[in-house]
């Protein structure tokens, strides 16, 4: 299980190679995740970054490198979505590739 840490209204899930999670539906591994809460903390947007099995086979980034890339992508996604979180009327979940392409 990934360790959690808070920074303001963002709860990070810090993954290491032994705590990554496999998603059977996407055939991908979760390498970065954050829950961005609204200012009143009523709702949150979960942002997940995955590396697909195909990416691991073709590009062979190694898990530690994939986690570093995932964290960098996650930071960009947090900044891109921060403004819309206060508009949420329910919790939401979005999944992205290492390159920032939305899968869900």
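Values in this text are rule-based calculations from the coordinates and carry no lab data. Since the model is a prediction, treat every value here as computed from it, not as a measurement.
Enter the angle in degrees (range 0 to 90, nearest 10) between the Cα long axis of helix 63-81 and the first principal axis of the Cα atoms of the chain, meaning the one along which they spread out most.
30 degrees
Return the ratio Rg/(2.2 N^0.38 Å) for region 3-97, where Rg is computed over Cα atoms only.
On the way: Rg = 13.6 Å, N = 95, 2.2 N^0.38 = 12.4 Å.
Ratio of Rg to 2.2 N^0.38 Å for region 3-97: 1.10.
Could you work out how much longer the chain between residue 1 and residue 91 gets when fully extended? Use 0.36 nm per residue separation minus the Cα distance between them, nm to one decimal.
30.2 nm
Which length gain, in nm to one decimal place, applies between residue 76 and residue 22 when the Cα-Cα distance is subtracted from 0.36 nm times their residue separation? Working shown, then result.
On the way: separation 54, 0.36 × 54 = 19.44 nm, distance 2.27 nm.
Additional length available on full extension: 17.2 nm.
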